[in-house]
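In what follows, a structure is listed as structure tokens, so that the remarks can point back to it.
Rule-based calculations on the coordinates, nothing more; no lab input. Computed from a predicted structure; not experimentally measured. Cβ atoms come from the backbone with ideal geometry, glycine included; neighbour counts cover every protein chain shown.
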Amino acid sequence: MIFSKLPIGILVIALVFASCVSNKKFTELESERNALAESVSNLEEKVGMLETDKNQLSSTNDEMTEKLASVEGQLQETEQRVSRVNSQMEDNQSQITMLRKEIQSAFSDVEKAVSESGQRITEIEDMLYLDLENPINFTTGSSRLNREDNETLGELADMLKKNPGLSLIIEGHTDDRPINNARFRDNWDLSVARSVAIVRKLISLGVEPKQLTAAGKAEFHPTATDDPKSAATRSANRRSEVIMVPQIGRLYKLNKNQGT
């Protein structure tokens with residue numbers, strides 16, 4: 001062997017040196033191993049933390065997904081409600097438009113007649129009265145028309161003939177003095193007789209009878225009340241009035257249909 005040829009001293013030195021080198025290497029390796037072990041431990045801790053974060057994120061993601069689904073459901077429901085409201089609004093607008101057309105149609109004859117005749121309308125107690133420039137009045141206890149009423153009656157007849165869809169109610173009135181004779185039992189009879197006289201005159205002037213209605217209110221609707229017993233007040237109350245009648249039957253039907 002080669003070691004047998006070396007001096008003892010050199011051999012010892014060689015062994016000691018080899019031993020030192022081995023210990024140093026071992027120490028270095030052990031330190032490196034410890035460092036790696038610590039690094040692995042740190043990495044495992046980080047992996048654990050990441051796993052925890054992952055689980056938290058997964059839970060949060062599931063919660064957010066659930067919330068998102070809920071919000072989407074609410075959004076869809078809201079969109080459906082908006083669609084229903086829009087549809088109802090369209091229906092309401094359509095009904096309003098139809099109602100306006102019916103109202104315009106119902107009053108078209110009235111507006112046309114008044115515009116063409118140059119007359120005026122006065123609203124009294126929800127009724128449309130034709131404000132005659134020359135009212136038709138009567139003498140005491142009489143239903144006879146006066147000659148000066150012919151112009152007014154002619155204007156009414158022309159208006160009705162030009163507007164065959166228009167209807168009028170001729171309303172007779174009396175003053176406050178009672179009457180009871182062979183011809184008139186009371187002021188009711190007298191007031192109606194006055195309106196009938198006007199209706200018959202209009203028919204004789206070419207007006208269609210179906211456009212006319214005769215009515216009376218006796219003494220119960222005076223227009224002049226300042227001095228009830230005066231001649232002027234009584235003369236003013238012995239009058240006839242003309243009520244415009246719009247074609248409101250369609251409005252009633254429309255309102256009834258909307259309610260059902």
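Couple of notes before you dig in:
- Cα-based values for the stretch 118-257, radius of gyration first and Dmax second, are 15.8, 52 Å.
- Amide H contacts of residue 167 (H built 1.01 Å from N, under 5 Å, at least 5 apart or other chain): 245
- A protection proxy built from the mean count of other Cβ atoms within 10 Å ranks the segments 84-91, 237-244, 207-214, most packed first, as 237-244, 207-214, 84-91.
- Scanning residues 5 or more positions from residue 219 or on other chains, those with amide H under 5 Å from its amide H are 174, with H placed 1.01 Å from N in the peptide plane.
- Whole-number D in µm²/s for the stretch 48-87 (Stokes-Einstein; Kirkwood sum over Cα pairs; 20 °C, 1.002 mPa s): 178
- Spacing of the two label points (7 Å from each Cα toward its C-beta) at residue 124 and residue 63, in nm: 7.9
- Residue 229-residue 93 FRET efficiency (beta carbon distance; Förster radius 35 Å; 0.05 resolution): 0.05
- Rounded to the nearest Hz, the phi-derived 3J(HN,Hα) couplings of the stretch 169-176 under the Karplus curve 6.51 cos²θ - 1.76 cosθ + 1.60 (θ = phi - 60°) are 10, 8, 10, x, 9, 10, 7, 8, where x marks glycine and proline.
- Distance-filtered residues of the stretch 133-165 - backbone nitrogen under 19 Å, label point 7 angstrom along residue 181 Cα→Cβ: 137-147
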